[in-house]
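Quick notes on the structure that follows.
Throughout, read-outs are computed from the coordinates displayed, never taken from laboratory work. Keep in mind the model is a prediction, meaning the values are calculated, not measured. Here the Cβ positions follow ideal geometry from the backbone for every residue, glycine too, while neighbour counts run over all protein chains shown.
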Amino acid sequence: MPDVGKLKEHLWKKLTDGPVMMVGLSEPRSHAEPLTAQLDKDQVDRIYFFVGKDNRLAGGGSAMAQFVSKGQDYFACLSGQVAIDNDRRMIDKLWSRPVEAWFPGGKNDPDLALLRFDIDEAELWEADMSLSGKLKMLFGGKIRADEEGSHAKVASTAI
C-alpha cells in the first residue's frame with residue numbers, strides 16, 4: 001500500500017527542485033507547452049505560471065499538466081482548471097529574477113499575465129524501486145509489486 005502522504009509531499013519537493021511542467025488545454029484540445037511552476041506554500045491544490053497575455057492557455061478552461069522530476073524518479077499527471085488571475089499580491093509574492101528575464105517591463109509589463117492552475121485531481125508515481133528490484137530490472141528478472149515503487153490517484157494534493 002503506497003504512503004499517499006509521502007507521495008503528495010514529494011510532489012511539492014520535486015516541483016521545487018525542478019519546476020518545469022507541460023501544460024495544455026483539454027477543450028479545445030491543444031498541445032501542451034513547457035511552463036515554469038510558481039509555487040505558493042500557503043495554497044493547496046494550486047500552481048501559478050507567468051505567461052504572456054497571448055499565450056494559448058490565457059483563454060482558460062479545463063487543462064492537464066504533466067511533470068517528470070529531474071531524476072526521472074517521480075511522475076505526476078494533474079487535471080484541473082486554468083484561468084488568468086492577475087492578483088497583484090500574488091504577482092509580487094511570486095516575482096523573481098528568472099521571471100523578469102521573460103518580462104523586461106517587470107511586474108508592469110503590458111504582456112504579463114499570471115495563470116492560475118486549480119488542481120481537481122492528480123495521479124502520482126514514484127519510482128522508489130528497491131535495490132533487488134533494480135538488479136532484477138538490469139538482468140531481466142521478474143519484479144515483485146513491493147519492489148516497483150508507489151502510485152496513487154488523489155482528489156487533493158494537500159499533504
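The figures follow:
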read-out	value
12 Å beta-carbon shell around residue 19, net charge (K/R +1, D/E -1)	+2
Cα-based Rg of segment 1-134 normalised by 2.2 N^0.38 Å, two decimals	1.11
Derived scalar couplings ³J(HN,Hα) [segment 39-54; Karplus, 6.51 cos²θ - 1.76 cosθ + 1.60; whole Hz; x for Gly, Pro]	9, 10, 4, 8, 10, 9, 6, 8, 10, 10, 9, 8, 9, x, 4, 8
Residues in segment 108-122 that a label on residue 54 would reach, taking backbone N under 19 Å of a point 7 Å out along Cα→Cβ	108-115
Distance in nm between pseudo-label sites at residue 40 and residue 72 (7 Å out along the Cβ direction from Cα)	3.5
Total formal charge among the other residues, if their Cβ is under 9 angstrom from that of residue 111, Lys/Arg +1 and Asp/Glu -1	-1
Cross-link table 8/107; 8/93; 14/53; 41/93; 70/107, entries beyond 20 Å C-alpha to C-alpha	8/107; 8/93; 14/53; 70/107
Protection proxy ranking of 97-109, 75-87 - average other beta-carbon atoms within 10 Å, highest first	75-87, 97-109
